[in-house]
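Undergrad: Input: one structure, supplied below.
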Amino acid sequence: MAVNLLDFDLEGLAAFCESLGEKKFRATQLFRWVHQKGADQFDDMSDLARSLRDKLKGNAEITALPVMTQHISADGTIKWLFDVGGGDAVETVFIPESDRGTLCISSQAGCAVGCRFCSTGHQGFSRNLKTWEILAQLWFAEHFLRKHLGVQERVISNVVMMGMGEPLQNYAALVPALRTMLDDHGYGLSRRRVTVSTSGVVPMMDRLKDDCPVALAVSLHAPTDVLRDNLVPLNKKYPLVELLSACKRYLERAPRDFITFEYCMLDGVNDSPEHARALLTLVREADIPCKFNLIPFNPFPASGLLRSKNNVVQEFARILLDGGLVTTVRKTRGDDIDAACGQLAGDVKDRTNVSNRISKQRTIMLQQIGEQKNFN
């Protein structure tokens with residue numbers, strides 16, 4: 001059975017070439033053709049020997065994910081829905097800005113974490129993506145955009161693993177994909193410009209630090225365990241004290257000297273001045289250099305949650321800034337095509353009975369929030 005060359009980082013491709021009786025340096029040539037030039041036909045690889053091309057035709061392929069839909073927002077954001085088989089689909093979003101082009105990539109079909117404010121979590125979990133399925137999103141987007149814009153130079157300068165799924169729960173497939181993104185013979189991205197977002201899978205944060213340290217974003221969303229338990233269920237397994245300790249350890253190898261904390265602003269839930277001051281206390285006591293990214297919530301009917309009012313978000317940001325924390329408010333992009341943060345849901349099968357579980361948890365959450373009147 002032919003293997004998909006998108007499944008290999010350079011080390012893996014070198015081993016594959018050796019299995020065909022070829023020198024390891026052939027892997028570098030092949031790697032460049034696939035990732036830098038976007039070739040998907042071996043006959044186009046003009047500097048490879050005919051004998052090698054014939055071997056590749058019998059043993060390998062370069063296959064992208066089928067595109068189900070493409071939507072272009074009024075602000076230039078592009079969302080693709082890719083078919084990953086079995087009735088599942090994943091979404092990928094390109095966000096153009098004046099100084100960068102950012103691609104938001106999915107790592108799973110659905111998500112098992114079940115954060116209350118994320119539409120993907122409400123869909124449930126189907127499966128992990130393979131390495132080639134993660135990389136195929138970048139491969140397709142980069143070379144589509146070059147043709148679309150009529151340019152030869154790299155279009156995508158930043159990658160964020162913030163699409164569907166929890167990347168660190170698909171660690172084995174994630175790391176080879178990251179290595180290909182970083183490789184100078186692949187996409188040549190800076191470690192500072194590749195970001196893995198996690199809801200706090202502590203053991204895998206420690207492994208990523210040693211195996212492939214890139215920029216890290218942590219979905220925080222609450223200053224206390226009581227509240228975070230209900231917004232981010234993974235907190236019950238890895239509470240804040242463990243999560244923040246892992247963040248501090250990660251900084252020993254991180255390409256940036258700070259951790260980005262993502263904080264989704266939920267009306268009447270986690271957005272009071274008291275919550276902001278509690279966050280200041282939390283990160284000061286943990287002694288973690290950090291930046292806060294406040295994210296306007298993108299409502300969807302099943303959540304039962306609302307977006308914080310703009311003046312509330314600005315006041316929250318002012319408290320953090322006055323406390324000495326670098327704080328930004330994320331600009332909402334692509335919400336006219338459901339491509340904004342938290343809106344990626346795709347078309348995944350719910351194999352986890354997630355709707356009933358979330359309905360029960362939402363009731364518990366509202367009860368506990370009511371008991372936290374000192375925070376509101």
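Here, each number is a calculation from the coordinates, and none is a lab measurement. Since the structure is predicted, the reported quantities are computational estimates derived from the model, not experimental observations. When we count neighbours, we look across all protein chains shown, and the Cβ atoms used for this are built from the backbone with ideal geometry, even at glycine.
Undergrad: For region 297-327, how many residues meet the condition of being charged (D, E, K, R) and assigned to a helix (DSSP H, G or I)?
TA: Qualifying residue count, region 297-327: 3.
Undergrad: Moving to a separate point now. What pairs come up if the first residue lies in region 18-43 and is more than 24 Å from residue 153 (Cα to Cα), the second is among the polar types (S, T, N, Q) and assigned to a helix (DSSP H, G or I), and their beta carbons are under 7 Å apart, counting only those six or more places apart or on different chains?
TA: Sorted first by the residue in region 18-43, then by its partner, the pairs are 20/59.
Undergrad: If you check every pair at least six apart or on different chains, which have Cβ atoms under 6 Å apart with a residue in region 70-85 that is touching a residue at least 40 places away in the same chain (Cβ under 8 Å) and over 18 Å from residue 130 (Cβ atoms) first and a residue that is in a loop (DSSP other than H, G, I, E, B) and aliphatic (A, V, I, L, M) second?
TA: Between residues of region 70-85 that are touching a residue at least 40 places away in the same chain (Cβ under 8 Å) and over 18 Å from residue 130 (Cβ atoms) and residues that are in a loop (DSSP other than H, G, I, E, B) and aliphatic (A, V, I, L, M), the close pairs are 77/339; 79/339.
Undergrad: Here is a follow-up. If a residue has to be buried (at least 18 other Cβ atoms within 10 Å of the Cβ) and touching an Asp or Glu at 6+ places or on another chain (Cβ under 6 Å) to count, how many in region 201-237 make the cut?
TA: 4
Undergrad: Now, a different point. Exactly one of (1) touching a strand residue (DSSP E or B) at 6+ places or on another chain (Cβ under 6 Å); (2) farther than 25 Å from residue 158 by Cα is unmet by residue 280. Its number?
TA: Result: residue 280 fails condition (1) only.
Undergrad: Next question. Would you check if there is a residue in region 212-235 being in a helix (DSSP H, G or I), of a type in the set (Lys, Arg) and under 15 Å from the mean Cα position of the chain (by Cα)?
TA: No - not one qualifying residue is present in region 212-235.
Undergrad: Mind listing whichever residues of region 167-200 are assigned to a helix (DSSP H, G or I), surrounded by fewer than 19 Cβ atoms within 10 Å (Cβ to Cβ) and among the polar types (S, T, N, Q)?
TA: none
Undergrad: Just one of 257, 229, 287 is out of contact with any Ser or Thr (no Cβ under 9 Å at 6 or more places or on another chain) and on the phi > 0 side of the Ramachandran plot; which is it?
TA: After applying the criteria, what remains is 287.
Undergrad: Here's something else I'd like to know. Given (1) more than 29 Å from residue 18 (Cα to Cα); (2) assigned to a loop (DSSP other than H, G, I, E, B), identify the lone condition not met by residue 127.
TA: Failing condition for residue 127: (2).
Undergrad: Testing residue 112 on (1) surrounded by fewer than 24 Cβ atoms within 10 Å (Cβ to Cβ); (2) under 19 Å from residue 194 (Cβ atoms), one condition comes back false. Which one is that?
TA: (2)
Undergrad: Could you look through region 239-296, keep only residues that are part of a helix (DSSP H, G or I) and among the charged types (D, E, K, R), and pick out the one that is farthest from residue 195 (Cα to Cα)?
TA: So, considering only residues that are part of a helix (DSSP H, G or I) and among the charged types (D, E, K, R), the one farthest from residue 195 (Cα to Cα) is 274.
Undergrad: Taking region 115-137 as the search range and keeping residues that are more than 15 Å from the chain's Cα centre (by Cα) and small (Gly, Ala, Ser), which one is farthest from residue 220 (Cα to Cα)?
TA: 126
Undergrad: Let me ask something additional. Look through 137, 152 and report the one residue that is part of a loop (DSSP other than H, G, I, E, B) and farther than 30 Å from residue 306 by Cα.
TA: Sole residue among the options that is part of a loop (DSSP other than H, G, I, E, B) and farther than 30 Å from residue 306 by Cα: 152.
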